[in-house]
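Step one of this worksheet: look at the structure below.
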């Protein structure tokens, strides 16, 4: 059984990440209790933000996001839309992808994946994000 203090600490760690608000911090706690105990790639896959190969034996290889936990993916997409406009580092990342000609969904998926890996690492070390980490 997880204690309330540990859940509160996890919520505080998640809320310290720019672009992660009350809903975007509460949903991973409820839907992904393994946050902080898995790798960044596993966290992205559980949220449905990792690329999955759809190779059918043809010469053309196709990748798309698939699987994962639907509620988490939807919340992270909404958080990514906000972060792409208000978080300076994610905004510059999104702008670079936009200038490279990437489609909107690719940009939002890439922006949504960054806070997931950051959140997983911070929850693993049990520390808040600071301004020096940006």
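Every number here is computed from the coordinates shown, using simple stated rules; none is lab data. Keep in mind that what you see is a predicted model, and the values were worked out from it rather than measured. Positions of Cβ are backbone-derived with ideal geometry, glycine not excepted, and every protein chain shown enters the neighbour counts.
From the Cα gyration tensor of the stretch 83-134, with a ≥ b ≥ c the square roots of its eigenvalues, which class applies: rounded if a/c is under 1.5, or else prolate if a/b is larger than b/c, or else oblate? Note, shape of the stretch 83-134 comes out prolate. Legend: ranking of residues 20, 108 from fewest to most surrounding C-beta atoms inside 10 Å; resulting order 108, 20. When peptides 82-91, 97-106, 114-123 are sorted by average Cβ neighbour count within 10 Å, with the highest value leading, the order is 114-123, 82-91, 97-106.
Would you list 109, 12 from fewest to most Cβ contacts within 10 Å? List each step's numbers first, then the result.
On the way: 109 23, 12 12.
Going from least to most buried by this count: 12, 109.
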